[in-house]
Amino acid sequence: MPGTPPPPQTTPFTVRAPASSANLGPGFDSLGLSVPLYTTLRVTPQATTQVVPLGPELDGTPADESNYVYRAMQLAATRAGRPLPPARIEIETDVPLARGLGSSAAALVAGIVAGNELLGRPLDDLAVLDVAAREEGHPDNVAPALFGGIVVATLDKLGTHYVRLDPPAHLGVTVLIPDFELSTSKARAVLPKEYSRADAVHALSHAALLAAALAQGRLDLLRHAMQDYIHQIWRAPLVPGLSDILEEAWKHGALGAALSGAGPTVLCFHDTREPTAPLHAYLHGVMKRNGLEGRVMDFPIDTAGTLVDRDA
Ligand code: HSE
C-alpha cells in the first residue's frame, strides 16, 4: 500500500560490514576498496535496548546508547522519520581501530544498515550511502564498506554519487599495519588548506588515470597512477617508513603503494600470480629500520560489501 511504512523487523539478524582502504594515493576522499576484515552486529529485537560490545578490540567502547554503532542506527531512524525499535545489539570487530582501515566507517555502515533493517528497510542503498557519507564527511571508506569492491564516489550538496568496480583479475593487496594508532583528525590537521593549480591538475589527472586503470585492469599503470601530492607528503612525518615504501616497494614486487586512508597502515597492490614473500621481507625490513612493530598481511579485495543475514 502506498504511504504505509514497512513493518519493523521482529526476528534476530546479523549485519557484517568490511574494513576499507581509502584514497589509494591520489583519490583523496573519493576512491577506496573493501578489505575482508569485518565488524559484525547481532541484532535481536526485544522490549528494551541493550548495547553489548564484545572482544578485545572493543575494550573500553561504551556499552550504552552513546556507542557509535547505536548512534549510527539512530541516523537511519532519523532519515526514515521513524523511532528506532528497541533491540539487543552485540558488536564484534576484527578491524583494527585508528589504523586507516575504515574501522569507524565499518561501524557506521553496519549501524545504519542494522537500523534500516530493524525498521523494515525504509531506506534504499543510495539513501544508506548518503546518510553514511554525510556523517563521515567523505564517502571513500563508507562506499566500499557498503558495496564491496573498488568504489569511486563523490559527495556534494546535490547528494552522493558512486560507481562500483569489480576488482581486476589478479589484483591483491598487502597491508603493513603498524602497532600504533593515528587519528584521522590528527592526520587531516597536517594538510594544507589550499593547493596550487599545478597540484590540483596533478591530483585530478592521476586520480582519473587510476580509476580508469582499475576499471580496465591495467595493472601496469598502477604505480604511475598512484602518485599523490595532496596528502601523503604531508602525512609522511607521522608514518615512519612511508616515504621509503612509496619510493621503493615496486622494486620488491608491489604494483603500487599508498597510505591507507589517513594511516598509519600502508597498502601495496600485488599480482596474485606472483609470490609476495619478497614484498613482506622488504616491509618487515622497513619496520625494523624505523623501530616499528606491526603486521604484514595479504588480502583479496572483498567484493560482498555489507551483508545482512536474516536467518542467523
Ligand atoms: N580520505 C580520508 C583521509 C580517509 O585521508 O583523511 C580517512 O578516513
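Annotations for the structure displayed:
- Dipole size of the chain about its Cα centre, with +1 on Lys/Arg Cβ and -1 on Asp/Glu Cβ: approximately 360 debye, rounded to the nearest 20.
- D (Stokes-Einstein, µm²/s), Kirkwood Cα radius, region 141-215, 1.306 mPa s at 10 °C: 103
- Average 1/r across all pairs of distinct alpha carbons in region 6-111, invert it, and you get the Kirkwood radius: 14.6 Å.
- Its Kirkwood hydrodynamic radius, worked out from the mean inverse distance over all distinct Cα pairs, puts region 89-244 at 17.6 Å.
- Förster radius 25 Å - calculated FRET efficiency between V201 and L238 (Cβ-Cβ, nearest 0.05): 0.45
- Taking only the C-alpha atoms of region 187-229, Rg followed by Dmax gives 12.3, 35 Å.
- In the chain, helical runs assigned H by DSSP with n ≥ 4 each contribute -39500 (n - 2.57); averaged across all residues and rounded to the nearest 500, the mean residue ellipticity at 222 nm is -9500 deg cm²/dmol.
- Three semi-axes describe the equivalent ellipsoid of the chain; taken as square roots of 5 times the Cα gyration tensor eigenvalues and ordered largest first, they are 34, 21, 18 Å.
- Pair-distance profile P(r), taking every C-alpha pair of region 254-309, with 5 angstrom steps and integer %: 4, 14, 24, 25, 16, 9, 5, 3, 1
- Pair-distance distribution of region 171-299: all C-alpha pairs, bin width 5 Å, starting at 0; shares per bin in whole percent are 2, 11, 21, 22, 21, 14, 8, 2, 0.
- Length gained when the stretch V52-S183 is fully extended (0.36 nm per residue, less Cα-Cα span): 44.7 nm
None of the figures in this text is laboratory data; all of them are computed from the coordinates on show. None of these values were measured; they are calculated from a predicted model. Every residue, glycine among them, receives a Cβ derived from its backbone with ideal geometry; neighbour counts consider all protein chains shown.
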